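Structure first, then comments.
The values are calculated or read from the model by the stated rules, or taken from the named source; none is laboratory data. Only a predicted model underlies this, so the values are computations on that prediction, with no experimental measurement involved. Reconstructed Cβ throughout: ideal geometry from the backbone, glycine too, with neighbour counts over all protein chains shown.
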Protein chains: 2
Amino acid sequence: MTSVLVVDDEPQIVKALRINLSARGYHVLTAYDGKTALSVAVEGKPDVVVLDLGLPDIDGVEVIAGLRGWSTVPIIVLSARTDSATKVEALDAGADDYVTKPFGMDELLARLRAAVRRKTKQEVDEPIVRTSTFTVDLTVKKVHRDDREVHLTPTEWGLLEILARNPDRLVSQKQLLSEVWGPTSVGESQYLRVYMAQLRRKLERDPAHPKHLITEPGMGYRFQL
Amino acid sequence: MTSVLVVDDEPQIVKALRINLSARGYHVLTAYDGKTALSVAVEGKPDVVVLDLGLPDIDGVEVIAGLRGWSTVPIIVLSARTDSATKVEALDAGADDYVTKPFGMDELLARLRAAVRRKTKQEVDEPIVRTSTFTVDLTVKKVHRDDREVHLTPTEWGLLEILARNPDRLVSQKQLLSEVWGPTSVGESQYLRVYMAQLRRKLERDPAHPKHLITEPGMGYRFQL
DNA sequence: AGCGGGTGTCAAGGAGTCGTCAGACGGCTC
DNA sequence: GAGCCGTCTGACGACTCCTTGACACCCGCT
């Protein structure tokens, strides 16, 4: 049974979601503020979180960061704000999807299913990522190039792991910095340049013209298979 | 069965729409003023609303706001072609499309189908938008044209993403500028012209006669599938 | 025909980002 | 303490991208 944690300070929204989700066979946990949400998440281990950004105590983005500190549970953000700045902030912090209020219940349910589907699919996925020149084994944390093991430092590995877990996907600088160096270091894009260069020197055939560790100027980096 | 709410104070237009829509299998609800429209919408839960802006009691824009307060139902605005400022206002308030009077029944029906299609598609969560010449993958942030990857700059991508997330829908200049360049740049329509031109050069077969990135003079732009 | 608003196009500059190197700093082992 | 390793920092050239201005165009209006 899939369990959903609903976090919102508006009782009528929580109530509406509880009714609709229960009717469809979900187990529903609730919280009305950020602190409660975090502790309920720890205890209840929900399979997916529906989070309103406008909470009475802590900023929603910090709740996302708090969850992402130890969990990869899918997070769907609810918000009345339509401006893209808030949206990007939430997604960069690690949210999976974004729904603006007012929302249709059908739409939310569809996104919920999609989020859970993505998650389970990701977990079943092969934990070994291969390119033409090197392979990344995510379970034993080892990288091979031409059948020879390549030694990576912890930071190098942290960076490569995130990219390898999102093959073909564009990963934003903010997300990389936040997940490897912590949320306080978003902005230190120099780190990224240095460590991407090191990874390329160790893994790419022609580090000056990378084929797999691709820069998308102004946006982020991409692990090209 | 798809139900349509028609809101107009001119009886002959309501009648004409009722006949044409019924004949095509739509269930038709009607209202002759704004207040009635809002209450009928609450009770009838229409799948799409056709709304004349010139109503006897409340301003059409406020009707849109009233609907948007609790519903994401697609709204197609009807309007006499003189008051273009009002039309932009309507789009910014959350309307999905507009049709100028006098209108061809075929055109209205096409817009209606497009609006409904857009809505259901959104719920199914299809993150890849396809046209006859290029595809936009919203999850991995990639664009392909003729099986070749096309590189976009951050601004180009930002613009295309908003349009692609609202296929078939007319998006106002104000909304585009506000979401890509920030709320302070809502007057810099020159940006839009420059970047739309770049997108067309990269994506359209004949950039001088675009088939998918359409300009609606005075209003905004539309991503035509 | 002339005018003006909105639009499409192009090119040039300047701002900002990226890759790279080299060195400083701190923790660890021997 | 010496040597090693990993991380951080500053500086530089090279490059990309954004902005801006100029001008032609289309179309409705006077």
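All but one of (1) near DNA strand C (Cβ under 9 Å from one of its atoms); (2) under 26 Å from residue B:107 (Cβ atoms); (3) surrounded by fewer than 14 Cβ atoms within 10 Å (Cβ to Cβ) hold for residue B:190; which doesn't?
Among (1) near DNA strand C (Cβ under 9 Å from one of its atoms); (2) under 26 Å from residue B:107 (Cβ atoms); (3) surrounded by fewer than 14 Cβ atoms within 10 Å (Cβ to Cβ), residue B:190 violates only (2).
Can you confirm whether the range A:55-74 contains a residue that is among the small types (Gly, Ala, Ser), touching a residue at least 40 places away in the same chain (Cβ under 8 Å) and closer than 12 Å to residue A:7 by Cβ? Before you say what the answer is, go through the steps one by one.
Of the residues in the range A:55-74, the ones among the small types (Gly, Ala, Ser) are A:60, A:65-66, A:69, A:71.
With touching a residue at least 40 places away in the same chain (Cβ under 8 Å) added as a condition, the list becomes A:65.
Remaining after also requiring closer than 12 Å to residue A:7 by Cβ: none.
No: zero hits.
Looking only at residues in the range A:204-225 that are within 12 Å of DNA strand C (Cβ to nearest atom) and buried (at least 18 other Cβ atoms within 10 Å of the Cβ), which one is farthest from the other protein chains (Cβ to nearest Cβ)?
In the first step, residues of the range A:204-225 are kept if they are within 12 Å of DNA strand C (Cβ to nearest atom); the result is A:204, A:206-210, A:213-222.
This time we only want the ones that are buried (at least 18 other Cβ atoms within 10 Å of the Cβ), so: A:204, A:210, A:213, A:216, A:220-222.
Details: A:204: 19, A:210: 15, A:213: 16, A:216: 8, A:220: 9, A:221: 11, A:222: 8 Å.
Step by step, filter the range A:204-225, then rank; the result is A:204.
Under 9 Å between Cβ atoms, which residue pairs at least 6 apart in sequence (or on different chains) link something in the range B:177-203 that is away from every other protein chain (no Cβ under 14 Å) and touching a residue at least 60 places away in the same chain (Cβ under 8 Å) with a partner that is part of a helix (DSSP H, G or I) and surrounded by 12 or more Cβ atoms within 10 Å (Cβ to Cβ)?
Matching pairs, first to second residue: B:203/B:160.
Restricting to the range A:205-225, name every residue that is more than 11 Å from DNA strand D (Cβ to nearest atom) and either part of a loop (DSSP other than H, G, I, E, B) or at pLDDT below 90 (or both).
So the first thing to find is which residues in the range A:205-225 are more than 11 Å from DNA strand D (Cβ to nearest atom), and the list is A:205-207, A:209-214, A:220-225.
Within the range A:205-225, A:205, A:206, A:207, A:209, A:210, A:211, A:212, A:224, A:225 qualify.
Among the residues of the range A:150-173, write down those that are within 15 Å of DNA strand C (Cβ to nearest atom) and within 13 Å of chain B (Cβ to nearest Cβ).
Passing the criteria: A:163, A:170, A:171, A:172, A:173.
In this structure, does residue A:54 turn out to be touching a Lys or Arg at 6+ places or on another chain (Cβ under 9 Å) and within 11 Å of chain B (Cβ to nearest Cβ)?
Numbers: touching a Lys or Arg at 6+ places or on another chain (Cβ under 9 Å): yes; within 11 Å of chain B (Cβ to nearest Cβ): no.
Against the criterion (touching a Lys or Arg at 6+ places or on another chain (Cβ under 9 Å) and within 11 Å of chain B (Cβ to nearest Cβ)), residue A:54 does not qualify.
Determine whether the range B:127-143 contains at least one residue that is out of contact with any Lys or Arg (no Cβ under 9 Å at 6 or more places or on another chain), loosely packed, with under 15 Cβ neighbours inside 10 Å and within 14 Å of another protein chain (Cβ to nearest Cβ). Step through it out loud before you land on a result.
Initially, the range B:127-143 is screened for residues out of contact with any Lys or Arg (no Cβ under 9 Å at 6 or more places or on another chain), giving B:127-128, B:130, B:137.
Checking which are loosely packed, with under 15 Cβ neighbours inside 10 Å leaves us with B:127-128, B:130.
Those still in the list that are within 14 Å of another protein chain (Cβ to nearest Cβ) too: B:127-128.
Yes - at least one qualifying residue is present in the range B:127-143.
Does residue B:172 satisfy the criteria of being within 30 Å of residue B:32 (Cα to Cα) and within 16 Å of DNA strand D (Cβ to nearest atom)?
Details: within 30 Å of residue B:32 (Cα to Cα): yes; within 16 Å of DNA strand D (Cβ to nearest atom): no.
Here the answer is no, as residue B:172 does not meet what is asked.
From the list A:42, A:77, pick out the single residue that is touching a Phe, Trp or Tyr at 6+ places or on another chain (Cβ under 6 Å) and away from every other protein chain (no Cβ under 14 Å).
Working: A:42 fails: touching a Phe, Trp or Tyr at 6+ places or on another chain (Cβ under 6 Å).
The match here is A:77.
Could you grab the pairs with beta carbons closer than 6 Å, sequence gap of 6+ or different chains, first residue in the range B:4-31 and within 22 Å of residue B:119 (Cα to Cα), second one surrounded by 13 or more Cβ atoms within 10 Å (Cβ to Cβ) and among the hydroxyl-bearing types (Ser, Thr, Tyr)?
Hits for this filter: B:4/B:26; B:6/B:30; B:26/B:2; B:27/B:3.
Of everything in the range B:182-204 that's assigned to a loop (DSSP other than H, G, I, E, B) and at pLDDT below 95, which residue is farthest from DNA strand D (Cβ to nearest atom)?
We begin by selecting, within the range B:182-204, every residue assigned to a loop (DSSP other than H, G, I, E, B); these are B:182, B:186-188, B:204.
Applying the additional criterion that residues be at pLDDT below 95 yields B:182, B:186-188.
Numbers: B:182: 9, B:186: 13, B:187: 11, B:188: 6 Å.
Going through the qualifying residues, I end up with B:186.
Conditions: (1) of a type outside the set (Ser, Thr, Tyr); (2) more than 12 Å from chain A (Cβ to nearest Cβ); (3) over 19 Å from the mean Cα position of the chain (by Cα). Residue B:110 meets all but one. Number of the miss?
Condition (3) is where residue B:110 drops out.
Cβ-Cβ distance below 8 Å, separation of 6 or more or different chains: which pairs start in the range A:210-221 with a residue that is more than 18 Å from residue B:156 (Cα to Cα) and without any contact (Cβ under 8 Å) to a residue 24 or more places away in the chain and end on one that is more than 7 Å from DNA strand C (Cβ to nearest atom) and in a strand (DSSP E or B)?
A:214/A:221; A:214/A:222; A:214/A:223
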